[in-house]
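Let me begin by presenting the structure, written as structure tokens, before commenting on it.
The values are calculated or read from the model by the stated rules, or taken from the named source; none is laboratory data. Since this is a predicted model, take the numbers as computed values, not measurements. Cβ placement follows ideal geometry from the backbone for every residue including glycine, while neighbour counts extend to all protein chains displayed.
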Amino acid sequence: MILDKRPSRLLRLLSWLVFKIPGRPAAKMAEFSHTEAGSALDMIAATELTSRADLRAKFFRHALDEHKHARLFAERAIALSGDDVRVRAMVEDSTFIVSRGIRSKVALHEQLSDVEFFAFIWVHELIGARQFDIYSALMQNDETSTAMFREIGRDERFHIAYSRAELDRMIAGGRAREVRKAIFLTRFRRVRNAVLRGSRRFGELMSGIWLTIAYFGILGPFALISRATERNAEGFVVFTGAPAARNAESQG
Amino acid sequence: MTYILGISALYHDSAAALVHDGTVVAASSEERFSRIKHDASLPVLAARWCIAQAGLAPQDLDYVVYYEKPLRKFERLMLNHVRQFPRGVASFRRSMKVWLTEKLWVRDNLANALGVPASKILFSDHHLSHAASAFYCSPFEEAAVLTVDGVGEHATTGLFRGSRAGLERLAEIHFPHSIGLIYSVFTSFLGFQVNDGEYKVMGMAAYGQPRYKDKVERILRIRSDGSFDVDTSYVAYHYSAEESYNRRFVELFGEPRKPGAPFDPADPRARNYADIAASVQAVTEDCVVSLARELRRRTGLDDLCMAGGVALNGVANYQVLRRGGFRRLFVHPAAGDAGGAVGAALWAWHEVLGGARSPALVSPGLGQSWSDGQTSQLLRDLHLRHTPLEGDAMIDRAAEDVADGKIIGWFQGGFEWGPRALGHRSILADARQHGMNARINAKVKFREPFRPFAPSVLAGAEQRYFSLPDGADLTCPWMLLVAPVTDCGHDRLPATTHVDGSARVHIVSRDASPVYARLLERFGEASGDPVLLNTSFNLKGEPIVASPLDALATFEKTDLDVLYLGSFRIENFASRRNVHA
């Protein structure tokens, strides 16, 4: 029951299509690397924040596992990328987990109640395990990658087991309804976040179009008018503005 | 009782600093808390910690000072887009998305994030913040101040005179003429990440000869008045969102180095890249020295303060001391943008409020600390076997471990302000052992083998190992000066002597870091050399550890032999963990 691994056909088909795109497996590994790194940070924060001594060690081990997964995925992404410097840049981009919304400043443990937190771990680890099973099957000719997925799978079984055990304890303690609601909410938020990510990308596309129009339509005429007179100052420029202390409240 | 919170953010390395009646009482980069290297977002976590550290609530702050003028910066950006039309369309799209959604609303965003009224938020000026960070943290009553970085609002370089009357701005050099940006162009060309890999260029330069200096001087030209300009026909940073150099640059220097490519000094192609690194380093040094000489001529003062990202270049700092004409040099420990947080707050205290002169900065440990009680509880909860060691017993044992050839993690007191590990969050080893640097690189740091490790030396013993120029005593405590190693140093310290016979010297005094100084003293008594190899306690690509938990996680991920966490010694981590699912 715990390891309920039945990946849907749609997920299998989508993954197969994604992995057919040249360079995509490496980029996917780079993305996973950041996702796991983000999870590691969240689990470290949980280790620090939890008031339950018995959970600290488990959260810490979980964090170390996620750190290890991040490193494994990063190494594999670089190995698979060949000459594609974009994948390496993606792996080394320390801002990726913020710019892609993988992690916010407020730690997950602070955002969620205890039941929601364990529901989050359980649902995401279960989905992750399913996904990695599919990828492992798709990469069966790549022994290093399949071995990596096997190792990660072993760790995930621990994460699934302990989070499920916590949820079971809560159910036994009369909180079954709360647990069901938290699992539903986690799944709902996952779908909602996917929709938001898609919307954000659409918004970025639209704003890009509008900014291009503004660039040529508004900036263009000014550029043409000013071109004859404007020059960059060279060498020392003697400062002529008012002392900054006099307009400390001004942003300009 | 006046409390001022300084903030630098939204470019790279955001930070917060709290100044109480002119004294810096807390300061931290955001990355130490968020664990995201070079975190550029509003430093909410660092600011909250600074406020809590002083036992305050946000409403107790008298002012919050942002380190630059966003509207003036926006003006420069728009003027540049007008000048570069139509080739800057991609850059325009990218920058406007950030500016229109975030950077233009700094006042409101800060007020909301920190819970302070918008009326309490003031704005300094980028280079003025850098200048204030250097001058008001220095021990000088009067000094020349030089700020050099990528770019602020318009300025990339600032010349100031600091005195009892405040900071007087003498001259500036404006964008796109920038030493910092040119150094970053070469950083990118040599296959490193901009705003992160500049140290690697400096490390690689030691393996080369400046054979291409004339070519670099075609791009970065020193003028007769001591200033410089950039021939922008070789670079792309002023119009491109993706590239910092263009085809003409590649025609001049050849194909760029592939990121992550191995560096073997015996390979002629690798040596060629090292020669390019050496060339840009040499021209950078000449430019900064030329600026310093001009500043000396204009002010007639003996002492110099420096800040801005270029002031982190320890090799150039050595040349400034040797050839710049000044008697003494002080460089702000967080010379890059993070330091703007301290500078902005100190500027407001001195120049807006007219406060009394700040004391000189002595201790680097302005960050968060943890008590032994907190650490002990954590170790117990994590089921980690540990040995409590009190006072001298801990120092003695650590000195023994290092002498035995062990690589130790060293976590003591508040974490350091600035990008350097200065004996509060450090990895330490015996600098006398041949091959120790290679061992640390392979087992612990996993970083490029051409990057050197720094030596920490007990104050008073430095002249035995290093040829320090006069006036270096204020720069070396912050590890911001690279100096030649003496014959004795060369013999005694093989693990910290770079290939060109230099070292990034860190002088440790009892006033600045008492526990670390005691360790050096003890190690010196036992071995005859009060020197340790000191590198930052982090892994490649990660911020330096902040909390005991960060330290334990890093300890687990590496082959460090021992960890000293406050008064606790933890050994052979993996075998001592006992976690049951």
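Looking only at residues that are within 8 Å of another protein chain (Cβ to nearest Cβ) and touching a Ser or Thr at 6+ places or on another chain (Cβ under 7 Å) in segment A:59-91, which one is surrounded by the fewest Cβ atoms within 10 Å (Cβ to Cβ)? Once the filter is applied, the top-ranked residue is A:Arg88. From the list A:Ala233, A:Ala228, the one residue that fits, being modelled with pLDDT under 90, within 18 Å of B:Val82 (Cβ to Cβ), of a type outside the set (Asp, Glu) and loosely packed, with under 11 Cβ neighbours inside 10 Å, is A:Ala228. Residues that are basic (Lys, Arg), without any contact (Cβ under 8 Å) to a residue 60 or more places away in the chain, within 13 Å of chain A (Cβ to nearest Cβ) and over 27 Å from A:Asp42 (Cα atoms) are absent from segment B:58-81. If you go through segment A:92-131 and pick out every residue that is assigned to a helix (DSSP H, G or I), touching an Asp or Glu at 6+ places or on another chain (Cβ under 9 Å) and within 12 Å of chain B (Cβ to nearest Cβ), you end up with 4. Given the structure, is B:Glu251 within 28 Å of the chain's Cα centre (by Cα) and of a type in the set (D, E, K, R)? So B:Glu251 fails the test.
For residues in segment B:84-101 being farther than 18 Å from B:Gly152 by Cβ and touching a residue at least 24 places away in the same chain (Cβ under 8 Å), which is surrounded by the most Cβ atoms within 10 Å (Cβ to Cβ)? Selected residue: B:Gly88.
Residue pairs whose Cβ atoms lie under 7 Å apart, sitting 6 or more positions apart in sequence or on different chains, and linking a residue in segment B:456-472 that is at pLDDT 95 or above and acidic (Asp, Glu) to a partner that is crowded, with 20+ Cβ neighbours inside 10 Å and not in a helix (DSSP H, G or I), are B:Glu462/B:Leu468; B:Glu462/B:Val505; B:Glu462/B:Ile507.
Checked against (1) under 30 Å from B:His174 (Cα atoms); (2) more than 10 Å from chain B (Cβ to nearest Cβ); (3) of a type in the set (Gly, Ala, Ser); (4) within 27 Å of the chain's Cα centre (by Cα), A:Gly217 passes all but condition (4). Checking each residue in segment A:4-58 for being free of Cβ contacts under 8 Å to residues at least 12 places away in the same chain and away from chain B (no Cβ under 14 Å) picks out A:Ser8, A:Arg9, A:Leu10, A:Leu13, A:Leu14, A:Leu17, A:Val18, A:Lys20, A:Ile21, A:Pro22, A:Arg24. Considering (1) at pLDDT 95 or above; (2) within 18 Å of B:Pro419 (Cα to Cα), the lone condition that B:Arg518 does not fulfil carries the number (2). Considering B:Ser14, B:Ser41, B:Ser8, B:Ser28, the condition of being within 24 Å of B:Thr156 (Cα to Cα), within 24 Å of the chain's Cα centre (by Cα) and more than 13 Å from chain A (Cβ to nearest Cβ) is satisfied by B:Ser8 alone. Among the residues of segment B:301-359, the ones that are among the hydrophobic types (A, V, I, L, M, F, W, C) and part of a loop (DSSP other than H, G, I, E, B) come to 7 in all. Taken as a whole, segment A:157-178 holds no residue that is free of Cβ contacts under 8 Å to residues at least 40 places away in the same chain, under 21 Å from the mean Cα position of the chain (by Cα) and not in a loop (DSSP other than H, G, I, E, B). Taking the conditions (1) under 20 Å from A:Val18 (Cα atoms); (2) crowded, with 20+ Cβ neighbours inside 10 Å in turn, A:His159 satisfies each one other than (1).
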